[in-house]
Amino acid sequence: MNVTIGASTVGGTASAPPSKSYTHRAILAAGYADGAVVEDPLWSADTRATARAVEAFGGSVEREASDGSLTISGFDGTPQVPDDVIDCANSGTTMRLVTGAAALADGTTVLTGDESLRSRPQGPLLDAVEQLGGRATSTRGNGQAPLVIEGPIAGGTASIPGDVSSQFVTALLMAGAVTESGVEIDLSTELKSAPYVDITRELLADFGVETADVDGGYDVPGGQSLDPEGGVYAVPGDFSSMSYLLAAGAVAAPNGLTVTGARPSAQGDSAIVEILDAMGASLTWATEDGDIDVSQSTLSGIEVGVADTPDLLPTIAVLGAIADGTTKIVDAEHVRYKETDRVSAMAEELSTLGVAVTELEDELHVHGGESSLGGGTVDGRGDHRVIMSLAVAGLVADGPVEITGAQHVDVSFPGFFDVLEELGGDVTRAGR
């Protein structure tokens, strides 16, 4: 599906979808448990992949038609060997978190995914499984899927780099809780995307699991049971997805836009509020109510580090294209290993729209003050975050912006274009 966004103003009230990060972890945590109900989950292409994995390990996931909640019967810390290959589709989170679960099974599990996922690095996590007594190999010998995992692991110590993906740490923390002797994680490099590990630890605590900081890493004692209070866990709103709505308000809502469901949590991407404020956006956050009010403002370029917030790079890049001056996005090398190389993707697609950019190995400079954002056809790169950020650009571009492959928003925000249209955006769909 291609979607064309025309210049338009937006306004009103919108609710961001539930958090993808929390939903993935909640579904798998309920799988590790005897079972649980997950309320307010994001039911998207990625989270459905995690639900299928839980079922492959012997659990079951039933979605209630009335409210969308998930009733999950778990495998109680002992996943069975799957009957078939587990297809993680395009979900890197699924593959990495599920690798930890596969290492607990007494036998062999094979994980694969689509072409994009099969190009993403998994080697450090495979090494960690080996250190814990399992066997973990890449069928092509390049540290990329398809992966073959053999367990069970009993626990121990694993050394792992922290600058490739925080999801490796999450996988080990979640699996380690149900091992016999627990898992100590020794980080051999500085941890990038640390707030995502905070999310994991916050959720595990809600499921009754103890974790601890240790010098240079983390520790999770073994023999623990996962059991949320009352057997229910509620997913908070997603700040990554909110970033597109808040950005739309800051560039195209002269009469203001309100985003609901923005209650504080461990999500690092809540930094979008501070970033917009620093750029000069008119914005207020009622944290107790979970409402953020934002209105169209004159923005100025700033320097932003995304070491802990890689998913915000596309949003910040588009804001930089609209802002006066230059926006420098730094500490961004790890953002190249997402669904696509988002540093190059945003540099190339913004250039297509007439924006001056400078791409460095771990930085992206967007020269909004030296550019005129125009219309054109851009490639969504099969990446939901690239697509949604480019849609924000279309609201204020001098000409329509056509985004190819726009159906991939289903990964994290299935109703994104419906919401944008309801807010007043000029949205035209073709090919669906």
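Could you sort 235-247, 6-18 so that the peptide with the highest average Cβ count within 10 Å comes first and the rest follow in order? Could you put the intermediate results ahead of the total?
Details: 235-247: 27.2, 6-18: 19.1.
Listed from highest to lowest mean packing, they are 235-247, 6-18.
When a/c is below 1.5 the answer is rounded, else prolate if a/b is larger than b/c, else oblate, so apply that to segment 337-376 with a ≥ b ≥ c taken from the square roots of the Cα gyration tensor eigenvalues.
The shape class here is oblate.
Determine the relative contact order of segment 20-234: mean sequence separation of Cα pairs under 8 Å and six or more apart, normalised by residue count, in whole percent.
Relative contact order, segment 20-234: 20 percent.
Which peptide among 141-150, 26-35 comes first, and what is the full order, when sorted by highest mean count of other Cβ atoms within 10 Å? Please list the in-between numbers first.
Details: 141-150: 18.4, 26-35: 26.6.
In decreasing order of mean packing, 141-150, 26-35 become 26-35, 141-150.
Using a ≥ b ≥ c from the Cα gyration tensor of segment 372-432 (square roots of the eigenvalues), is it rounded, prolate or oblate, where a/c under 1.5 gives rounded and otherwise the larger of a/b and b/c decides, a/b for prolate?
Numbers: a/c = 1.68, a/b = 1.25, b/c = 1.34.
Here segment 372-432 falls in the oblate category.
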Exercise. List, in order, the whole-Hz ³J(HN,Hα) value for each residue of segment 15-26 obtained from phi through the Karplus relation with A = 6.51, B = -1.76, C = 1.60 and θ = phi - 60°; use x for Gly and Pro.
Key: 9, 6, x, x, 5, 5, 4, 5, 5, 3, 5, 5
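Note down the relative contact order for the chain as a percent, whole number, built from C-alpha pairs under 8 angstrom at least six residues apart.
Normalised by residue count, the contact order of the chain is 19 percent.
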Quiz prompt | Cross-link partners of LYS192 among lysines (Cα-Cα below 17 Å; sequence separation of 8 or more within a chain) | solution = LYS338
Quiz prompt | Highest to lowest packing among 358-369, 39-50, 68-79, 313-324, scored as the average C-beta count within 10 Å | solution = 313-324, 39-50, 68-79, 358-369
Quiz item: Angle between the Cα long axis of helix 167-176 and the longest principal axis of the chain, 0 to 90 degrees, nearest 10?
Solution: 30 degrees
Quiz item: If you place +1 on the Cβ of every Lys and Arg, -1 on the Cβ of every Asp and Glu, and leave all else neutral, what size is the dipole of segment 20-234 about its Cα centre, to the nearest 20 Debye?
Solution: 720 debye
Quiz item: Is segment 24-117 best put as rounded, prolate or oblate by its Cα gyration tensor, with a ≥ b ≥ c the root eigenvalues, rounded for a/c under 1.5, and otherwise prolate when a/b is larger than b/c, oblate when not?
Solution: oblate
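Ignoring everything except DSSP H segments at least 4 long, calculate the 222 nm mean residue ellipticity for the chain; use -39,500 (n - 2.57) per segment, divide by total residues, nearest 500. Before the final figure, lay out each step's value.
On the way: 12 runs with 130 residues, N = 432.
Calculated at 222 nm, the ellipticity per residue is -9000 deg cm²/dmol.
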Quiz item: If amide H atoms are built 1.01 Å from N in the plane of the peptide, which residues on other chains or at least 5 residues away come under 5 Å of the amide H of ASP308?
Solution: SER193
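Any read-out appearing in this document is the output of simple, stated calculations on the displayed coordinates, not a laboratory observation. The model shown is predicted, which means the values in this text are computed figures rather than measured ones. Cβ atoms come from the backbone with ideal geometry, glycine included; neighbour counts cover every protein chain shown.
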